[in-house]
Amino acid sequence: MKTAALLEKYCQPGPRYTSYPTAPYFHTGFTDADWRAELDATRHSPRGLSLYTHIPFCDTLCWYCGCNMVATRDYGRAERYLDWLFREIDLVTEWVAPERVVKQLHWGGGTPTFLRPEDIERLFGHLLAGFTLDPQAEIGCEADPRELTRAHVETLKRLGFNRISLGVQDLDERVQKAVNRVQPESLIREVYGWMREAGFESINLDLMTGLPHQTVASFSRTLDTVIELRPDRLAVFTYAHVPWMKRHQKLIPEADLPDFPTRIALQELILDRLAGAGYVYIGMDHYALPDDELVMAQKSKTLYRNFQGYTTHRDCDILAFGASAISQTGEVYAQNLKKLPDYRDRVLAGRLPTERGIRTTRDDRLRREAITRIMCDLELDTAAFGREWQIDFEGYFDCRAGLESLAADGLLTLEGGLIRVADTGRLFLRNIAMLFDGHLQAPAADAGPRYSKTV
């Protein structure tokens, strides 16, 4: 079956599996007391730490945005937020033994570079005062080119940041105006040049398809520039139009969105152009140059997936700070309050700002491991998996018919007890992983539509 036909057949709602169980199954019965108990239980864990900090502010609203963010020109809001953030960090560090080492640190948003350089330094210093940072830690930050200065870039590099992710989305002026994110190609080139001059070890560019007025011809021109810049990594996301969940997306007329054949053609364009430029398709919209550590980790079967996306830091607990941030240990997920006033009141009262979460069952962890291996290793040895978890694989998952159907369409191969994702199947990892999901048919804690389309 041709790629276009497969894209049409398998375009259905499905999780991205940055967690399992996925976030809609987190519940408010899991409280700050439960998260505090988990922190206490893992205080001296031998696992490393991955720190995530959420900065929710942007100076303008991009109409496609699906993030937890606040558009504001009042910098005082960020200054007050940092005070609350420092309180939360201090609360958590009380429960973390100093011998636990931070292997990864990431700032997301919103726009972390909304912060002024001096406040970036202040926040980084506060984290370093509370945690032990590995000298070889991966330290990354997301950036918006429109509000970035050379001083931001130089400050991040001086502090030790070695990875940076730049939001580009599309370089076509008509598309940019239609989503309220105007950033000329000349600006992207200038900011990218600052990053290379500063010596960042890894630069990622975020792109997006399915935006209003996008065509194959217009996006091909965007790819021309991107390939010329040659970032180390690319994330090419598909726009999810969910105005019933994100009301500001109503500002994008549905009539302006590309039709389904165009969206399929865009996916084929990306695959062809990036493969031709030497990028390896890791899966789940992510591409990297052949010598990138993500590619190396995938080959050595040490790649992992969490709320930061693909990562080489499998054996780390995530401690996440800020409104809506999600923490993770081996057995628990805990998400912070999303609304800033609620977050503020909780931390100022000296309590952890947990809103909801979940303690996983053995079944959850078993299924998470199967899904992770498919999405990261691109193969799963069912016999070895069964021995490891002491189960009869086929009887436990009962997904043989589904696997054979995917195999018939060329998305994977079944060789004895080995499930191996085909090259074409990398486009459909979410569909393959869904066969191992035990929660999809169960009611979720969140009401309403839950997932974007898989492709």
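The values are calculated or read from the model by the stated rules, or taken from the named source; none is laboratory data. The model shown is predicted, which means the values in this text are computed figures rather than measured ones. Neighbour counts are summed over all protein chains in view; Cβ atoms, including those assigned to glycine, are modelled from backbone coordinates with ideal geometry. Heavy atoms of the whole protein, side chains included, go into the accessibility calculation; ligands, DNA and RNA do not. Shrake-Rupley method; radii C 1.70, N 1.55, O 1.52, S 1.80 Å.
Data overview
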read-out	value
Protection proxy ranking of 124-133, 58-67 - average other beta-carbon atoms within 10 Å, highest first	58-67, 124-133
Antiparallel bridges, percent of DSSP beta bridges restricted to the chain (to nearest 5)	40 percent
The stretch 1-137 - Rg (one decimal) and Dmax (whole number), Cα, Å	19.0, 56
Debye-sum result for the stretch 254-362 in log10 I(q)/I(0), which assumes one identical scatterer on each alpha carbon, at q = 0.11, 0.20 Å⁻¹	-0.61, -0.98
Local electrostatic count at TYR333 - Lys and Arg +1, Asp and Glu -1, tallied over other residues with Cβ under 13 Å	-2
Distance between modelled label sites at ARG400 and ARG87, nm, 7 Å Cα→Cβ extension	5.8 nm
Extension reserve of the GLU268-LYS9 stretch, reckoned as 0.36 nm per residue once the Cα distance is removed	91.8 nm
ALA240 versus ARG362: modelled label distance in nm, points set 7 Å from Cα along the beta carbon direction	3.2 nm
Highest average packing first - 390-396, 401-407, 286-292, Cβ atoms within 10 Å	286-292, 401-407, 390-396
For the stretch 176-274, alpha-carbon Rg and Dmax in angstrom	14.8, 43
All-pairs alpha carbon distance profile, the stretch 119-187, 10 Å steps from 0, percent	17, 42, 24, 15, 3
Rounded FRET efficiency, nearest 0.05, which uses the C-beta distance separating GLU415 from GLU173 and R0 of 35 Å	0.10
Pairwise FRET efficiency - SER186 versus ARG158, Cβ, R0 = 30 Å, nearest 0.05	0.70
Helical contribution to [θ] at 222 nm, DSSP H n ≥ 4, -39,500 (n - 2.57), averaged over the chain, rounded to 500	-11500 deg cm²/dmol
Accessible area per residue, Å², the stretch 252-396 with all protein chains present, probe 1.4 Å	40 Å²
Burial order of peptide ranges 422-433, 244-255 (average beta-carbon count within 10 Å, highest first)	422-433, 244-255
Computed magnitude of the charge dipole of the stretch 335-383 (debye, nearest 20; Cβ of K, R +1, Cβ of D, E -1)	420 debye
P(r) weight above 17 Å for the stretch 311-430, C-alpha pairs, percent	66 percent
Of all accessible heavy-atom area on the stretch 211-295, the percent that carbon and sulfur account for (1.4 Å)	54 percent
The chain - Debye-derived log10 I(q)/I(0), Cα point model, q = 0.08, 0.09, 0.10 Å⁻¹	-0.46, -0.59, -0.74
